[in-house]
Amino acid sequence: MVPVVGLGTWRTLDVTGRPAETRAHAVVETALDVGASFMDTSPMYGRSETVLAAGLGRRRPEAFVATKVWTHDDQMAVTQTDYALSLYGHVDLYQVHNLVATERRLALLEGLRDQGRVRHIGVTHYSPSAFTDLEAVMRSGRVGAIQIPYNPRQTEVERRILPLAADLGIGVVVMRPFGEGSLLRRPPAPEQLASLADHGVRSWPQALLKWVLSDSRCTVAIPATSRPGRVSENAQAGSPPWFGPKERSLVSRLANA
């Protein structure tokens, strides 16, 4: 699969009221317009599942919807999956969020997959302290995707997770490509990015996204934004030419300066 830029919904789609929801729907529509059709959400993200579904509307078939089940309670897990399926009709990638009650949740999702209501199953975690458990699930043969944090300041997945995903043919969804915004607070000067122009990079967010996606083991990055214009800008980082070692090294140095 060619690496792409998708859309995360944490915080940005957790909104209430017509003006805020209209702005959120514009983000979703713009993402579809520019080909950022992988959209990731979760019941952990407040109203994001609901707002995303409303923003998709009749364009739902154009989107690859990834959501999550996140609870220790078995009945609540059924409630969460029933709700998501009522919103989206089917879920393209259903993930066990943060490895919560992994065995029981995988069994639930496998049943839904057997019914044709879920297409792919995955797991997520944000903390390197859980990566040993994540590896065990990856080796089980029960998941086709993982979601992990990866950016120039957070590279723990390079040691074992990314190599294992490549060996097993598991898709990699990259959360936190901007370090939850910390990498955007003090962007490099434009002249420091000038050598990346031949790779289609015109901004620091694009440099960070292309840094991630130039690792061929990564399938999709899911930055969140509340601005339609930023969605378009981000999407431009999802196509070649990709960075080589020299360009990735430059972005790493700038990010960690």
Item to complete: Just give me the residues in the range 202-231 being open to solvent by less than 10 Å² (accessible area, probe 1.4 Å) and not in a helix (DSSP H, G or I), in sequence order.
Response: CYS218, VAL220, ALA221, PRO223
Discussion item. Among (1) polar (S, T, N, Q); (2) within 24 Å of ILE146 (Cβ to Cβ); (3) open to solvent by 10 Å² or more (accessible area, probe 1.4 Å); (4) touching a helix residue (DSSP H, G or I) at 6+ places or on another chain (Cβ under 8 Å), there is one condition ASN234 misses while meeting the rest; what is its number?
Written reply: (3)
Worksheet item: Would a scan of the range 146-159 turn up a residue that is open to solvent by 20 Å² or more (accessible area, probe 1.4 Å), under 22 Å from LEU106 (Cβ atoms) and modelled with pLDDT of 95 or more?
Response: no
Practice prompt. Under 9 Å between Cβ atoms, at least 6 apart or on separate chains: pull out the pairs that start in the range 136-147 with a residue that is farther than 11 Å from LEU99 by Cβ and in contact (Cβ under 8 Å) with a residue 60 or more places away in the chain and end on any residue that is assigned to a strand (DSSP E or B) and open to solvent by 60 Å² or more (accessible area, probe 1.4 Å).
Written response: ALA145/HIS120
Discussion item. It is to be established whether one or more residues within the range 180-188 are modelled with pLDDT of 95 or more, more than 23 Å from ALA63 (Cα to Cα) and in contact with a strand residue (DSSP E or B) (Cβ under 7 Å, 6 or more places away or on another chain).
Written reply: yes
Item to complete: State the number of residues belonging to the range 29-52 that are assigned to a helix (DSSP H, G or I), out of contact with any Asp or Glu (no Cβ under 7 Å at 6 or more places or on another chain) and open to solvent by less than 20 Å² (accessible area, probe 1.4 Å).
Response: 3
Worksheet item: Quick one: LEU164 ticks every box in (1) among the aliphatic types (A, V, I, L, M); (2) buried (at least 21 other Cβ atoms within 10 Å of the Cβ); (3) within 20 Å of the chain's Cα centre (by Cα) bar one, so which box is it?
Response: (2)
Discussion item. Any residue at all in the range 121-144 that's open to solvent by less than 60 Å² (accessible area, probe 1.4 Å), among the aromatic types (Phe, Trp, Tyr), assigned to a strand (DSSP E or B) and modelled with pLDDT of 95 or more?
Written reply: no
Worksheet item: Here is a list of conditions, (1) crowded, with 18+ Cβ neighbours inside 10 Å; (2) closer than 17 Å to VAL91 by Cβ, and VAL5 meets all of them except one; can you say which number that is?
Response: (2)
Worksheet item: Which of the residues that make up the range 86-120 are buried (at least 18 other Cβ atoms within 10 Å of the Cβ), in contact with a Gly (Cβ under 8 Å, 6 or more places away or on another chain) and within 17 Å of SER37 (Cα to Cα)?
Response: LEU93, TYR94
Worksheet item: Which members of the range 66-84 meet the condition of being touching a residue at least 12 places away in the same chain (Cβ under 8 Å), open to solvent by 10 Å² or more (accessible area, probe 1.4 Å) and assigned to a helix (DSSP H, G or I)?
Response: ASP74, VAL78, GLN80, TYR83
Worksheet item: Looking at this structure, is GLY116 on the phi > 0 side of the Ramachandran plot, of a type outside the set (Asp, Glu) and at pLDDT below 95?
Response: no
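The values are calculated or read from the model by the stated rules, or taken from the named source; none is laboratory data. Everything quoted here is computed from the prediction, not taken from an experiment. We place every Cβ from the backbone using ideal geometry, glycine too, and count neighbours over all the protein chains shown. We work out accessible area using only protein heavy atoms, side chains counted, and drop any ligands, DNA or RNA first. Shrake-Rupley method; radii C 1.70, N 1.55, O 1.52, S 1.80 Å.
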